[in-house]
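The values are calculated or read from the model by the stated rules, or taken from the named source; none is laboratory data. Treat the numbers as computed from the prediction; the structure is a model and nothing was measured. Cβ atoms come from the backbone with ideal geometry, glycine included; neighbour counts cover every protein chain shown.
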Amino acid sequence: MSIWICSLAAAPQLVRQLRPSRVVSLLSPYDTFPTFEGFSSELHLQVPIHDIVDDVGDWRAPDLSDAESVIKFVHPWDRAAPMLIHCWAGISRSTASAFITACVHNPDADEHEIAKAIRDASPTASPNRRLVAHADALLGRNGRMNRAVDSIGRGSAAMEAQAFSIPSTYTAARGS
């Protein structure tokens with residue numbers, strides 16, 4: 001099954017169209033989080049973080065607890081139906097969370113293969129490096145997730161990304 005990434009504007013239509021089993025929303029703490037019919041808090045994670053890599057005044061960058069909440073939420077996903085992950089523009093927080101989700105479900109996969117799948121699917125993807133760094137530490141990836149995201153570079157400039165998907169399953173590159 002696929003991991004879908006989109007903007008806030010595209011999320012309601014994609015929820016209706018795809019009927020995902022879980023939804024992750026990553027928005028500013030000042031934004032109003034959407035609600036989706038049939039999605040309780042057990043099926044819809046809301047993460048209030050700014051899309052920055054360092055705290056600035058009262059703007060909060062992703063911290064360790066944010067990465068922990070994403071990992072804890074996506075871990076039990078059975079992949080019977082898609083997962084939908086969105087942020088405001090579908091460019092940074094959501095692509096970082098999709099990358100994390102794929103890494104959680106593919107512990108022996110090459111992180112570069114997953115990052116490349118994101119880049120191939122979206123020229124605008126720019127995974128939030130702070131969220132990825134926290135997940136890398138929590139998952140014991142020893143910097144591999146960070147290096148993989150660095151290898152694809154920043155995406156092309158855009159105000160909003162087109163919705164896209166990546167696979168949820170990747171080939172094992174390392175022995176278990």
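Of the residues 73, 39, which single one is farther than 26 Å from residue 158 by Cα, among the hydrophobic types (A, V, I, L, M, F, W, C), surrounded by 13 or more Cβ atoms within 10 Å (Cβ to Cβ) and within 12 Å of the chain's Cα centre (by Cα)? Checking each option against the conditions leaves just 73. Does region 15-29 include one or more residues that are surrounded by 15 or more Cβ atoms within 10 Å (Cβ to Cβ), of a type in the set (D, E, K, R) and modelled with pLDDT of 95 or more? Scanning region 15-29 turns up at least one residue that is surrounded by 15 or more Cβ atoms within 10 Å (Cβ to Cβ), of a type in the set (D, E, K, R) and modelled with pLDDT of 95 or more. For first residues located in region 136-151 and at pLDDT 95 or above, partners that are surrounded by fewer than 14 Cβ atoms within 10 Å (Cβ to Cβ) and not in a helix (DSSP H, G or I) and lie 6+ apart or on another chain with Cβ distances below 8 Å form the pairs 136/142; 136/143; 139/107.
Which of the residues spanning region 152-176 are more than 23 Å from residue 10 (Cα to Cα) and at pLDDT below 95?
To start, the set of residues in region 152-176 that are more than 23 Å from residue 10 (Cα to Cα) comprises 152-153, 169-176.
Within region 152-176, 153, 171, 172, 173, 174, 175, 176 meet the criteria.
Of all residues in region 44-53, none satisfies being without any contact (Cβ under 8 Å) to a residue 12 or more places away in the chain and either surrounded by fewer than 19 Cβ atoms within 10 Å (Cβ to Cβ) or more than 15 Å from the chain's Cα centre (by Cα) (or both).
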